[in-house]
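To start, the structure under review is shown below, and the notes come after it.
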Amino acid sequence: MCSSDLQLGSVDLTERREAAYELAEKGSAALPALDALVDALDDKDAQVWFEAITAIGKIGPPAASSASEVAKHLGSPSQQRSYRAAWCLSCFGGEAIPVLAQAMKHASPQHRAGAVLALSRFQDFREEVGKLLNEATQDEQLMVAEQAVQSMVSLRLEAETISALSASRPEIVVAAAMGLSKFEQLPETVSTDLLRLCQSSNLQIKAAAISAVGVSQIQAHELQELVIASVEQPDPVLTNALIILVKKRERDPELVNAINIGLKSTDSNVRANAAVVLAAAGVDSEPTAKALMEALDISESDTAEIQYAIFRMGTPVVDLLLHHRASTSMGKARIIDTLARFDESIVSTLLMALESDDAEMATTAADVLCAMETLPNDAVAALVNALGSSAGAQQLAILTALKTRRSEEHTSELQSR
């Protein structure tokens, strides 16, 4: 017995900590101290415990005889201890699986959940573990069953996770569908089940299924009606699912067009919902930009969401905004306000628009320059120069912009005094 073994049983806390740390550093060479390390798992000091179980795990399969003792800590009130025990058991390889199978029958739900979590680490024994996890989805305690699905997903057990879609408890169905959404691509055989779940009256199930559809082999044209109906049902859960779907399908034009339809709705909540999905999914196509601009003409409480979706498209959309012809004066004011939210990077584009033969576009550019929070000095000079070649509304807009800038300068001077 080496000195480290003896110090693990010392009454001096510092000595016990140092001994446990030293053995954890030895790796497989700490095998002779296994009994002492197992005893140290009863130490009341957290540091000694963590170093001891780390040392046992690092010994690896030769320490598998301690699996039952390590498994006692799977149901620890401390989540960190439970996770560490699961890790340690996974270091033993296949010999720990029978111990975990027994732990899954423990009276404590926390202990069973810990065992199921530990199984998620046995990548080299997926077939054997898959059977155990399938059984665990039937556990009377929901927390255990849900952990079983999560472990299936971690191990990429496709068939077992798909099977959980038929579970009687909605929470398990949701967990399975959300888990499947994390896979690369699903087999065609699961398409029928997912489409069925997409029609569920349970909003959580429906949303989870829509998320999973993103990695299914269901064609985009088959999903258009589903997408339109989901956009028309504004709810954060469904909205997030639609965002996942559009992202997973790499902003498929058919799906995007279905969302764009929501921008034409007479319901401001539906328009806002469509705009949120488009913005969060990073859609930046020209048809969508035009649909958003048209939505501004009829926007009410949804103006902010639509403006943000346009703004997220970045400076490439500026030219489209300048060319847009709003159907109402309020719509035009919203276009100007949207453009004014961009930074100085669009000033050069606005100055070029000032020189356009299109008087309406030039006027819009001047109005935007007037509305922007900051404006470079060369932009002011360009406005002055544009006065000579402008007339009517365009000239009035330029004069207003210059007057506004002059007023701001005076205010700034007074404040500095």
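Every read-out reported here was derived from the displayed coordinates using simple, explicitly stated rules and does not represent laboratory data. As the structure is a prediction and not an experimental result, all values here were calculated from the model. Quick reminder, even Gly has a Cβ in these numbers, built from the backbone with ideal geometry, and neighbours come from all protein chains shown.
Quick rundown of the values:
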{"read-out": "For the chain, built as a Gaussian network whose Cα springs stay under 10 Å, the top-fluctuating residue of N202, N240, N257", "value": "N202"}
{"read-out": "Exposed-site-free run, longest, the chain (rule: GluC sites (Glu not before Pro); DSSP loop; at most 16 other C-beta within 10 Å)", "value": "1-139"}
{"read-out": "Total charge dipole magnitude, region 257-304, about the Cα centre, Cβ charges on Lys, Arg, Asp, Glu only, Debye to nearest 20", "value": "100 debye"}
{"read-out": "Extension gain, D297 back to E128 (0.36 nm per residue minus Cα-Cα distance, nm)", "value": "54.8 nm"}
{"read-out": "Segment S356-R156, length gained on full extension (0.36 nm per residue, minus Cα span)", "value": "66.1 nm"}
{"read-out": "Net charge contributed by nearby residues that have their C-beta within less than 10 Å of A177 (K/R +1, D/E -1)", "value": "0"}
{"read-out": "Farthest toward positive dipole pole in region 152-268 [+1 Lys/Arg, -1 Asp/Glu at C-beta], among Q199, S211, L155", "value": "L155"}
{"read-out": "Within a Gaussian network of the chain (alpha carbon springs, distance under 10 Å), most fluctuating of G114, G314, G331", "value": "G314"}
{"read-out": "Local electrostatic count at L278 - Lys and Arg +1, Asp and Glu -1, tallied over other residues with Cβ under 14 Å", "value": "+1"}
{"read-out": "The chain - Debye-derived log10 I(q)/I(0), Cα point model, q = 0.09, 0.10, 0.12 Å⁻¹", "value": "-0.75, -0.80, -0.92"}
{"read-out": "Electrostatic dipole magnitude of the chain [Cβ: Lys, Arg +1; Asp, Glu -1; Cα centre; debye, to 20]", "value": "380 debye"}
{"read-out": "Lysines with Cα under 24 Å of K72, excluding same-chain neighbours fewer than 8 positions away", "value": "K44, K58, K105, K131"}
{"read-out": "Rg(Cα) / (2.2 N^0.38 Å) computed for region 89-213, rounded to two decimals", "value": "1.05"}
{"read-out": "Net charge of Cβ neighbours under 13 Å - reference G214; Lys, Arg +1; Asp, Glu -1", "value": "+2"}
{"read-out": "Candidates I243, I346, I97, ranked by Gaussian network fluctuation over the chain, Cα under 10 Å, top entry", "value": "I346"}
{"read-out": "Reachable lysines, given that their alpha-carbon falls under 25 Å from the alpha-carbon of K206 and they are not under 8 places away in the same chain", "value": "K182, K247, K248, K264"}
{"read-out": "Estimated FRET transfer efficiency when R0 is 25 angstrom, pair V237-Q217 (beta carbons, to 0.05)", "value": "0.55"}
{"read-out": "Gyration tensor verdict on region 222-288 (Cα atoms; rounded if a/c is under 1.5, prolate if a/b is larger than b/c, oblate otherwise)", "value": "rounded"}
{"read-out": "Mean separation of Cα contacts under 8 Å (6+ apart) over length of the chain, as relative contact order %", "value": "6 percent"}
